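Here's the structure we're looking at; comments come further down.
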Amino acid sequence: MVFSTRTSIPKTQNQSEVRDPRELKNHPVNQTIYGDMDASGDGFLADVAARGIQQEIHITPTNIVIAGHRRRRAAITLGIPEVRVLVRHDLTEENDIIEALICSNQHVRERTTEQKAREFDHIRRIEIDRGKQRMGDGGKDTVKTAGLSIESRKSRNVAAKQVGLAPSTATKASEVVSAIDAAEESGDTGKASELRETLNKNVTEAHRQIQENTPAKPDQVVDANGVPVPKKAVAAFEALPRYTAIKSAISKIKKEIYDLSQTEPGALVRYNRIKIDLENVYRSVRFSTPYCVCPYCRGRPVLSRVATCDACKGIGWGGESLYDNAPEELK
Ligand SMILES: [Zn+2]
């Protein structure tokens, strides 16, 4: 075995440096989980004014804050010209950065249930990504997809544990958070803040409320399971008649070719071969037909500016196989 005496050392050494706090940028995920952080309300600002910033702010090599969003903000507010930072060269993957960000927040603040639910959504997505990476690209599709739903259940349990909620509670809270975002997006801020308040007091009660609210207007577009389709995905489900028309056209062609093959002029038509080809075309169309609102992100695929739902590739809906392969507890 040959050991090289001098290999190129990867740049994973974290470095202590100084920065003007105004050069530092907030991480967008911090905002989506914890919201706008007002450092003045809890004595934090006064503390920084009195004692200065005690701990290094952790940042990426591109000056994005990983840990220390409130310290950055306090430093800017107080006009502190320089802060000590630790440049985290060891975190190269976005998922690792987000995980470190969440982890640092868990240690320094009391989080509301809403914040825990938002952490849960991110950690779960990260765990699903990692599960896929573990499985790699090899193996048969069926094995991979069966593995994926096991991974997905595992990811739920891992994520719930990490944020300190029971898995079923985390799932319910996550659904309520989706409803809060949907209400906010549609301009119903009253409903959003009411749900938020209930969620932070009682997850089960908030979850019951959104279930009561779900069966809404009679003209609402729903997927194959009766789940209301979010606005962004409505066009896809309204195109269903086109898919139906294509499928019946394929069936019709199949029948015409069969009829022809049974006659003298069709003596050279190889119906059995053509039948297989057409059935493949039919299957391809069938599996690309809009079937369900994505059970993983419930039609809200953009979790943050840096993370989109992997299961539906960011479109918010999917075909039959997406639904069939999703774990039961998401359905
Ligand atoms: Zn999705």
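The values are calculated or read from the model by the stated rules, or taken from the named source; none is laboratory data. What you see is a predicted model, and the numbers here were worked out from it, not measured in a lab. Virtual Cβ from ideal backbone geometry, glycine too; neighbours counted across all protein chains shown.
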Next item on the list: Collect the residues in the stretch 292-330 that are modelled with pLDDT under 90 and acidic (Asp, Glu), keeping them in residue-number order.
Entry: ASP310, GLU328, GLU329
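Look through the stretch 256-295, keep the residues that are closer than 30 Å to LYS172 by Cβ and of a type in the set (A, V, I, L, M, F, W, C), and return whichever of them is surrounded by the fewest Cβ atoms within 10 Å (Cβ to Cβ). Before you say what the answer is, go through the steps one by one.
Start the filter on the stretch 256-295 by keeping residues that are closer than 30 Å to LYS172 by Cβ, which leaves 290-295.
From what is left, the residues that are of a type in the set (A, V, I, L, M, F, W, C) are 292-294.
On the way: CYS292: 24, VAL293: 26, CYS294: 26.
Per the criteria, the residue is CYS292.
So, restricting to helices (runs of 4 or more DSSP H) that lie completely within the stretch 227-331, which ones have at least 2 residues that are of a type in the set (Ser, Thr, Tyr)? Can you show your working first?
On the way: elements: 234-238, 240-261, 271-288, 320-325.
Once the helices (runs of 4 or more DSSP H) in the stretch 227-331 are filtered for at least 2 residues that are of a type in the set (Ser, Thr, Tyr), what remains is 240-261, 271-288, 320-325.
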Next item on the list: Would you point out which residue out of ALA267, ALA233 is within 16 Å of the ligand (Cβ to nearest atom) and more than 16 Å from the chain's Cα centre (by Cα)?
Entry: ALA233
Next item on the list: Report yes if some residue within the stretch 281-302 is within 13 Å of the ligand (Cβ to nearest atom) and charged (D, E, K, R); otherwise report no.
Entry: yes
Notebook entry, point to check: Only one residue in ASN225, ASN200 is outside the structural domain of THR32 (by TED's automatic domain parsing) and modelled with pLDDT of 90 or more. Which one?
Noted result: ASN200
Item checked: Among the candidates GLY35, GLY43, GLY131, residue that is small (Gly, Ala, Ser) and assigned by TED's automatic domain parsing to the domain that holds ASP181 -> GLY131
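Collect the residues in the stretch 1-48 that are at pLDDT below 55 and surrounded by 11 or more Cβ atoms within 10 Å (Cβ to Cβ), keeping them in residue-number order.
Of everything in the stretch 1-48, those that are at pLDDT below 55 and surrounded by 11 or more Cβ atoms within 10 Å (Cβ to Cβ) turn out to be ALA39, SER40.
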Notebook entry, point to check: Taking GLY319, is it more than 9 Å from the ligand (Cβ to nearest atom), of a type outside the set (S, T, N, Q) and assigned by TED's automatic domain parsing to the domain that holds THR244?
Noted result: no
Check: Has the stretch 127-150 got any residue that is touching a helix residue (DSSP H, G or I) at 6+ places or on another chain (Cβ under 7 Å) and modelled with pLDDT of 85 or more?
Finding: yes
Next item on the list: Kindly list the number of the only condition in (1) more than 10 Å from the ligand (Cβ to nearest atom); (2) within 21 Å of GLY131 (Cα to Cα); (3) surrounded by 14 or more Cβ atoms within 10 Å (Cβ to Cβ); (4) acidic (Asp, Glu) that fails for ASP310.
Entry: (1)
